[in-house]
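Here the structure is laid out as structure tokens; the discussion comes afterwards.
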């Protein structure tokens, strides 16, 4: 049996996360308890929420402890099973985190014939579900409305925009840099994409959204959200899905345009994908259907090797990834 | 025919409104056009939204022009009618603003036998409707939940809290000073009332809301809203109804605790009572019913004479009123 390698939280970051906050360790692969399954992880998902788990501020789930393995979703294959529900060779989705092997009872089978395995960490996984339920249940877009989404080339944003386009909306992305914006427009088929790094978000929104904004799917928070509030229409909706601009910040941003919420009767609502756990099947079916019909495009950004996961997360938090960020473990 | 007296906007305030922003004028009482009704105003309502109309910042309705009569709702009696729907002596609700007489086609009859005339400007008028629809449709309180309302002794807040109590909730008010807090607890029957002027809002909320806050009905915005965000429960609701703390401010407050919206999946929604215009009858019936049963208490603060309306509004914006602020015109 090979040795397990894992990355644990070595210290809590102050401000931006750095590689010194992580430590690579080796250990024995654990012996299985009854009911457990030993999984060899093949793909690890990197997601912005992980920065939140590195801090001990109150959040919707508890922080990773110092010395504990970093959290994360993986796709892997069963190498040994003491559960009647899983057999050697099964492909599974797990919460085993940043490690090559793990023993667990919390896993679900995935079908490698329906889509590439890594898709279960992205478009068919938590990011895809987040996009699906956030847009449909909170954004509630109607045909002809204007939908804006930030982090538009990312795992969640790219799906949000394409689903909004399928729903008959005008779709405007916000992304960092001309390459991402080009991809969002040409490949993903958004009507427009604003490069926030150009520094003219307010003016560019006015130009790209001549009829104002009906739904803003917010993955970034901070100054971007503040600017958007000035463009929201009467009875518009803001899906508060992520605050990536704040995850590395030591001081929270002070939102100044909140008055618009009253004036335009805007509805803002926070969301976490787990709240729709009971309906994942519905989303999986819809997303897989769109993929099969070629209506949903999807891009991945792959880091090779567990040891490079910290650098991958750090780059993701700086917006340097392009598409769904993954670590290839095997 | 007596001369009309009216108060017009003389200049736009910068920061706090002052009496120099208003001017008292005299003019001929207008001659009626066909379909119009001449009304002698008896009561004028003073409301925080009036400060917004004195500025020319974008809002949900247009600003009062310089030289134009200040907006406001009144209750009066018909003194002459060229409309088949109204007769001399009818009591009516109008939008005639800060003046003793006015010719209008926009008026509705009110019933002086159902309630004192002034009540149609408060508990049975816009403030009452605001409380009713904001709490019921946006706050959506369930029995046993904790509801917090700011400006709790005011025209809207006092009704919100009493309706929440009738709905079986724990009700906590926020008001300025021990006298108002005492009234809110003893007279209105709230479970607790926090004096924000004591400067311990955060600590006092923790004490008064041991199970956190499920609904916050916000009439003030700013630092109070920011503090409340730290106490909101999972899936809680914020009714964004007023921002009185900001109306006189030259710089908007920067909301720092917005992260809580994501973490606790809070829903915030702006509201203006006009959005429920089609359902005013429903609210009127419910509120009049509660009044008749003695379940809804109501207090008025009266300024005598049109010439004192500016001072009345200025005091209201400073929180110096106690209950629904009215001007007695005749």
Exercise for the section: Would you kindly give the portion of the calculated P(r) for the range A:126-274 that falls above 19 Å, as a percent of all Cα pairs? Expected result: 46
Problem - Label geometry 7 Å along the beta-carbon vector: residue B:250 inter-copy distances in nm - result: 3.1
Problem - the range B:126-274: antiparallel DSSP beta bridges as a percent of all, rounded to 5 - result: 0
Practice task
Distance between Cα centroids, the range B:13-27 to the range B:287-305: provide it in whole Å.
Solution key: 30
Completion exercise
So the FRET efficiency between residue A:61 and residue A:285, C-beta based with R0 = 35 Å and rounded to 0.05, is 0.85
Practice task
Rounded to the nearest Å, what's the spacing between the alpha carbon centres of the range B:234-255 and the range B:87-143? Just the number, please.
Solution key: 25
Problem - C-alpha long axis of helix B:155-166 to longest principal axis of chain B, angle in ° - result: 50
Problem - the protein assembly as shown, Cα convex hull volume normalised per residue, Å³ - result: 172
Exercise for the section: Would you order A:236, A:118, B:81, B:11 from fewest to most other beta-carbon atoms within 10 Å of each residue's own beta-carbon? Expected result: B:11, B:81, A:118, A:236
Completion exercise
Honestly chain B on the Cα gyration tensor test (a ≥ b ≥ c root eigenvalues; a/c under 1.5 rounded, otherwise a/b vs b/c for prolate or oblate) is just prolate
Exercise for the section: Could you please rank A:217, B:235, B:190, placing first whichever residue has the fewest other Cβ atoms within 10 Å of its Cβ? Expected result: B:235, B:190, A:217
Fill in the blank from the handout: Most exposed first, judged by fewest Cβ atoms within 10 angstrom, A:166, A:138, A:174 run A:166, A:138, A:174
Handout entry: Candidates A:171, A:147, A:69: whichever shows maximal mean-square fluctuation once chain A is modelled as a Gaussian network with Cα springs under 10 Å
Key = A:69
Handout entry: Residue with peak Gaussian network fluctuation, chain B [Cα springs, cutoff 10 Å], from B:230, B:203, B:40
Key = B:203
Exercise for the section: With a/c under 1.5 counting as rounded, go ahead and sort the range A:234-302 into rounded, prolate or oblate using the C-alpha gyration tensor (a ≥ b ≥ c being the square roots of the eigenvalues; past the cut-off, prolate if a/b is larger than b/c, else oblate). Expected result: prolate
Handout entry: Distances in nm from residue A:16 to the matching label points in the other copies, shortest first (labels 7 Å along Cα to Cβ)
Key = 4.6
Completion exercise
Dividing the helical contributions, -39500 (n - 2.57) per DSSP H run of n ≥ 4, by the residues of chain B yields a 222 nm value, nearest 500 deg cm²/dmol, of -6500 deg cm²/dmol
Problem - Within the range A:280-321, backbone nitrogen closer than 14 Å to the virtual label 7 Å beyond the Cα of residue A:24 toward Cβ - result: A:304-312
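Quick note: the coordinates plus some simple rules give every number you see, no bench work behind them. All values derive from a computational prediction rather than experimental measurement. Virtual Cβ from ideal backbone geometry, glycine too; neighbours counted across all protein chains shown.
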